[in-house]
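Down below is the structure, laid out as structure tokens.
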């Protein structure tokens, strides 16, 4: 492995780690504008993170080591994902061969599972309620994710996100194929659900229907900071996969150089700003669905994913 | 796949998506708008085929589809529910969005398998199963709903499936034109007759009279 590749590897991980709070801050700011508020600074998540890291960590009396270790395991999983999916390079970097789409999904699953375990380990009824709800809806979301992977596999004949990016960016007919359009729509709906956006969840309001935030209710100080950072990492990674693999696969510099990777950071930011704008628009125009209607939302996502594979079977092409 | 086939495939999947939407919606007004969109997509398909095959018959059909299926029939149906448009919904079918959406997808897959086993050898072209799937989706709607207007919409969906099949398999065939015109007229007459009978029974087009299509 030459030095340029190693630098690109580190650069990609650093991009995910350092820019994920920024994207969250920009999203908060955009959302505030749609509500006629000035909103917090786009750097507010960094200030929050710094504050959390300075504060004391309290542990519930009955909690075990799982409660303490889980945020670090989740952080490690997200860090690994950050060097295996296409973020700032359209070509595979060394760690990319570790996992395919399915492996990436399993790593997301690992992070989610340990966070759930920590919620249950806290002994708090409220955290357990959040965990229970998350699992109830994940039971509908996970099959969709698997079907999305199937659809991606039938488009390209492989389960490698880099191959998908390459095919979709080079072939207009593959991009406009019904299978791809349907799977992109399904993944977008899943993205809204997984990142706690309306109409599924209004995160951050500490309201009764919250899902993601309910699980980390008992964490405080550094662990809460790490959990928040994990949330931003998950959001950043899912957004990156969505724009680079599904929705906007073009524009990345394919030269395997450090300069090319740096250029791609700018390209990625532009894509993410566009996506954040679209999501904020969705959030500004839809109301939160009732808790038990979330299944309907996920059923729609599942139906679209199944139809994507169905379209391939019926039409005989991706 | 050439660009013409790609357009046909895209519009076909769009029609299938409207079928899925119709299955998962319980309010009548969005259902009427949904069937109008489906008919409009069908008209786009007919128009595209007319353009690529330079067929005047198909162009006339596309115009007819827009005028009758996408505009006239939805207009007549919406007039019937104008007084209670915002609240009229399917009541008797224990309607559940999740269940109906999943049932619609499952039925589409089953219909495709049946098509593969029976008609695929006669109609081997890509997308040939889509009209058959649409027909089965229309049947599902007729079987699971009881509201008068929704039953009519189920019938219109089946009609759309017949026209869709004709557009794919019988291009330029004069009889097909006559059949489609007949179906259009039948659709309008059916809507008018059902609603006038309901009105005769109840005196005025009230909400309760439209809640169930009684035989």
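The values are calculated or read from the model by the stated rules, or taken from the named source; none is laboratory data. From a predicted model like this one, the values you see are computed outputs, not experimental measurements. Positions of Cβ are backbone-derived with ideal geometry, glycine not excepted, and every protein chain shown enters the neighbour counts.
Observations, loosely collected:
- Lone qualifier among A:134, A:156, A:179 - being within 14 Å of chain B (Cβ to nearest Cβ) and either out of contact with any strand residue (DSSP E or B) (no Cβ under 8 Å at 6 or more places or on another chain) or touching a residue at least 60 places away in the same chain (Cβ under 8 Å) (or both): A:179
- Of all the numbered requirements in (1) farther than 24 Å from residue A:302 by Cα; (2) out of contact with any strand residue (DSSP E or B) (no Cβ under 8 Å at 6 or more places or on another chain); (3) modelled with pLDDT under 85, residue B:99 misses one, and that requirement is (1).
- Residue A:189 fulfils the conditions (1) surrounded by fewer than 18 Cβ atoms within 10 Å (Cβ to Cβ); (2) in a helix (DSSP H, G or I) except for a single criterion, (1).
- Among the residues of region A:55-72, those that are buried (at least 18 other Cβ atoms within 10 Å of the Cβ) and closer than 21 Å to residue A:235 by Cα comprise A:70, A:71.
- Residue check, residue B:127 assigned to a loop (DSSP other than H, G, I, E, B), within 9 Å of chain A (Cβ to nearest Cβ) and modelled with pLDDT under 85: yes
- Which listed residue, of A:247, A:313, is more than 16 Å from residue A:26 (Cα to Cα), surrounded by fewer than 22 Cβ atoms within 10 Å (Cβ to Cβ) and within 16 Å of the chain's Cα centre (by Cα): A:247
- One residue from A:314, A:309 being more than 15 Å from residue A:34 (Cβ to Cβ), within 8 Å of another protein chain (Cβ to nearest Cβ), at pLDDT below 90 and outside any loop (DSSP other than H, G, I, E, B): A:314
- Sole exception among (1) surrounded by fewer than 16 Cβ atoms within 10 Å (Cβ to Cβ); (2) part of a helix (DSSP H, G or I) for residue A:9, by number: (1)
- Selection status of residue B:111, at the interface with chain A (Cβ under 9 Å from one of its Cβ atoms), buried (at least 20 other Cβ atoms within 10 Å of the Cβ), more than 13 Å from the chain's Cα centre (by Cα) and assigned to a helix (DSSP H, G or I): no
- Any hit, region B:7-27, residues being more than 14 Å from chain A (Cβ to nearest Cβ) and part of a helix (DSSP H, G or I): no
- Identity of the residue in region A:162-176, more than 28 Å from residue B:101 (Cβ to Cβ) and surrounded by 17 or more Cβ atoms within 10 Å (Cβ to Cβ), that ends up nearest to the other protein chains (Cβ to nearest Cβ): A:167
- Count of region B:45-83 residues which are within 16 Å of residue B:14 (Cα to Cα) and surrounded by fewer than 19 Cβ atoms within 10 Å (Cβ to Cβ): 2
- No other residue among A:123, A:109 is under 26 Å from residue A:60 (Cα atoms) and not in a helix (DSSP H, G or I) apart from A:123.
- Among all residues of region B:49-68, there is none that is within 14 Å of another protein chain (Cβ to nearest Cβ), part of a helix (DSSP H, G or I) and closer than 26 Å to residue B:170 by Cα.
- Residue within region A:275-294 that is buried (at least 18 other Cβ atoms within 10 Å of the Cβ), more than 27 Å from residue B:25 (Cβ to Cβ) and without any contact (Cβ under 8 Å) to a residue 40 or more places away in the chain present: yes
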